[in-house]
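The values are calculated or read from the model by the stated rules, or taken from the named source; none is laboratory data. Please read all numbers here as calculations on a predicted model, not as lab measurements. Glycine also receives a Cβ, built like all others from the backbone with ideal geometry; neighbour counts cover every protein chain displayed. All accessible areas refer to the heavy atoms of the entire protein, side chains included, with ligands and DNA or RNA removed. Shrake-Rupley method; radii C 1.70, N 1.55, O 1.52, S 1.80 Å.
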Amino acid sequence: MSVTRHATLRRIESTRLIGLALPILGAQLAQVAMGTVDVAMTGHASARDLAAVSVGSSLWLPLVLFMIGTLMGLTPIVAQHVGARRFGAIRPAVHQALWVAAVLGVACALGVRALAAPVFTLMSVPEDVATLALRYLDGVALGLPAIALYETLRFYSDGMGHTRASLQFALLGLAVNIVANYGLIHGGDGLVALFGADLPAPLLALPALGAAGCGIATAISMWTMFVAMFCYTRLARVYARARFGAAFSWPVPALIGELLRVGLPVGVAIFAEVSLFTVIALFLAGYGEIVIAAHTVALNFSSVLFMLPLSLGMALTVRVGQALGRGKYRHARFVAFNGVACALAAAFVIDLIIVLGAPWAVSLYTGNAEIQRLAVQLLLIATLYQFSDALQVSIAGALRGYKDTRIIMIVTLVSYWGVGVGLGNLLGRGVAGAFEGLGVYGYWIGLIAGLSVAAALLGRRLVWVSQLRRLSASGP
């Protein structure tokens, strides 16, 4: 292949990948914004309401992310069917995923309510905050089956290559969440502030429910997103060749088993990653409020920037899966490594943003000079792991396209918990008589090491899997 043709193929594939990734990026940012809106609005209600939402979110979000990761296995299944033009096989796959989603959604809702009180007691949450948090979770639990069903239809749509739907309905959910929060957290006065006093009397009479209203608003936005996505996927012409249809089917163990084989390791990996940052936050609790606040600010800002390589990884799952479905194993390998190169370019852009914009970004979170100074230092350390982070998330996306997800789970557990937490705790606390602990810097160095090990191990796996498929190819 000539250099010119190779460059042209790279440009075409990169354009297609970015075209898929940008709507996913918008959807991810909209979902992050929903959490930000919840925090901002309850914070204006009272400090106790804000604490209740924060404590409640720490319980239900990890469970929902595990659920979403498990359902994410539908994307490569649909993508490979699309690539192979097996459109008739998509309907039963989606039906079985909806069965799994319904079970997971109900289980999460029941689990959140069953675990909440004992966990709050174990965490020594103050009684007044725990009472409000339970009311908040009562509302959120009503929406968990809906978000499970919505994410299933979203991953079906992504597998079809129609990622704009993710953006459209995430923005719809954000808009509904803002309005519902105004009305339910702050009552009729909140709606008056948003729309003016010319409103129907029942809306003006709404009571201010605080944190409990935030939970109900979250559930309303989840059900709105699901109903809208359901109607769209049933009616839009883009799904005509592979519409999942009105007729339903009973659970089929073989198809459910395939979904869980691909998706369950992803769910475990995501849960392990989320819990990693929770554990590190707990380790830092003894270092004082300045350290905790700076760590939270730096982590939150870098997490927002991380949405870019994450979106590229999710789009890469679709591109690799469709190439494999067409039997284009050599092209799938090209797509995978070109996507990894795009993620590295994204990491370079993120580093520029951090280096040039960190002081300004941190000032948006807090006016405390000590917190600002430490947060900026941590963000400069974060520039070191952007490349490792972009590598591991994009390679994981490519491996999902190959339906090779078990290794992602194993590598995540070993790298994040064995290396990240183990080394971070060692460097952070130090060893008596050997060396002084580095404090919060040690934990961030541990994160860098864990992500680097994950990137190296997953990269090795991608080379092996893609080479094996390429050598077994009988076609182009």
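Computed values, structure above
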| item | result |
| --- | --- |
| Principal axes of region 1-251: Cα extent on each, largest first, Å | 66, 41, 40 |
| Kirkwood hydrodynamic radius over Cα pairs of region 265-365, then Stokes diffusion coefficient at 25 °C and 0.890 mPa s, in µm²/s | 152 |
| Spread of Cα-to-Cα distances over 5 Å intervals beginning at zero, given as percent, for region 395-476 | 3, 16, 19, 15, 13, 10, 8, 6, 5, 3, 1, 1, 0 |
| Cα-centre dipole for region 1-99 with unit charges at Cβ (Lys and Arg positive, Asp and Glu negative), debye to 20 | 640 |
| Karplus-derived HN-Hα couplings along region 442-449 (A = 6.51, B = -1.76, C = 1.60, θ = phi - 60°), whole Hz, x at Gly and Pro | x, 5, 6, 5, x, 4, 4, 5 |
| Kirkwood hydrodynamic radius over Cα pairs of the chain, then Stokes diffusion coefficient at 20 °C and 1.002 mPa s, in µm²/s | 91 |
| Under Karplus coefficients 6.51, -1.76 and 1.60, residue-wise ³J(HN,Hα) of region 82-99 in Hz, glycine/proline x | 5, x, 8, 6, 8, 5, x, 7, 6, 4, x, 5, 5, 4, 5, 5, 5, 4 |
| Part-to-part distance (alpha-carbon centres) for region 337-404 and region 80-103, which is given in Å | 34 |
| Theoretical gain in end-to-end length, V252 to S124 [0.36 nm per residue, Cα-Cα removed] | 41.7 nm |
| Carbon + sulfur, % of accessible area of the chain - ligands and nucleic acids excluded, 1.4 Å | 69 |
| Region 1-251, relative contact order [Cα under 8 Å, separation at least 6], % | 28 |
| Inter-label distance for A117 and L344, nm, one decimal - labels placed 7 Å from Cα along Cα-to-Cβ | 5.5 |
| Extension reserve of the V103-V355 stretch, reckoned as 0.36 nm per residue once the Cα distance is removed | 86.2 nm |
| Projected-area mean, region 273-475, by convex hull of Cα positions, square nanometres | 11.7 |
| Cβ-placed point charges (K, R +1; D, E -1), dipole of the chain about Cα centre in debye, nearest 20 | 2800 |
| Residue (of S303, Y329, G215) at the positive-pole extreme of the chain, dipole from beta-carbon charges | Y329 |
| Residue-by-residue Karplus 3J(HN,Hα) for region 354-361, coefficients 6.51, -1.76, 1.60, Hz, glycine and proline x | 5, 5, 8, x, 4, x, 5, 4 |
| Inter-label distance, nm, simple model (7 Å from Cα along the C-beta direction), R261/R241 | 2.6 |
| For region 23-85: rounded, prolate or oblate by the Cα gyration tensor [a/c cutoff 1.5] | oblate |
| Calculated diffusion of region 35-122, Stokes-Einstein form, Kirkwood radius summed over Cα pairs, 20 °C and 1.002 mPa s, µm²/s | 137 |
| Cβ-placed point charges (K, R +1; D, E -1), dipole of region 1-251 about Cα centre in debye, nearest 20 | 1580 |
| Two-site FRET efficiency, R16 against L110, from Cβ-Cβ distance with R₀ of 41 Å, rounded to 0.05 | 0.45 |
